[in-house]
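Worksheet: one structure, shown below.
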Amino acid sequence: MQVVVGPFTRQGIEDRLGPDLPAGVEIALLYYVGKLRSGRGAPKFPSFLQNAEIEEPVAEVELNVGAEVEELLSNEAERQHTTVDRLAAHSVLIYLAELDRLESEGRAASN
């Protein structure tokens, strides 16, 4: 599966997860898929971004997530009226926000 990554998404991955861009995107996508499979759902792609310009791509990332995950992501992108690339970027931002939330909670608990 190939996913195009824009500069904002790439910067977020590199800042929080390190320089291995494919690994960062894959972790985020699998986290998102886990939320979808849990029945609790995952945050939806924002409707106000449906017609927004796409960031200039800076990298095309090859992922080995398996046919089942690819199909699930493709179906979810279609259901949400977006592309797999946009859904992938969305999943990265959700994952990074979750990391920030957990980190903040950890700091608050230690104070």
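The values are calculated or read from the model by the stated rules, or taken from the named source; none is laboratory data. This one's a predicted model, so the numbers in the text were calculated from it and none came from an experiment. No Cβ is skipped: glycine too gets one built from the backbone with ideal geometry, and neighbour counts run over all protein chains shown. Remember, those area values only see protein heavy atoms, side chains included, never the ligands or the DNA or RNA. Shrake-Rupley method; radii C 1.70, N 1.55, O 1.52, S 1.80 Å.
Per-structure values
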read-out: Subset of the range 11-26 (residues that are open to solvent by less than 80 Å² (accessible area, probe 1.4 Å) and either of a type in the set (A, V, I, L, M) or not in a loop (DSSP other than H, G, I, E, B) (or both)); value: Gly12, Ile13, Glu14, Leu17, Leu21, Pro22, Ala23, Gly24, Val25, Glu26
read-out: Leading residue by the ranking (surrounded by the fewest Cβ atoms within 10 Å (Cβ to Cβ)) among those in the range 35-67 that are at pLDDT 85 or above and closer than 17 Å to Arg79 by Cα; value: Arg37
read-out: Filtered residue count, the range 75-111, keeping only those that are β-branched (Val, Ile, Thr) and open to solvent by less than 30 Å² (accessible area, probe 1.4 Å); value: 3
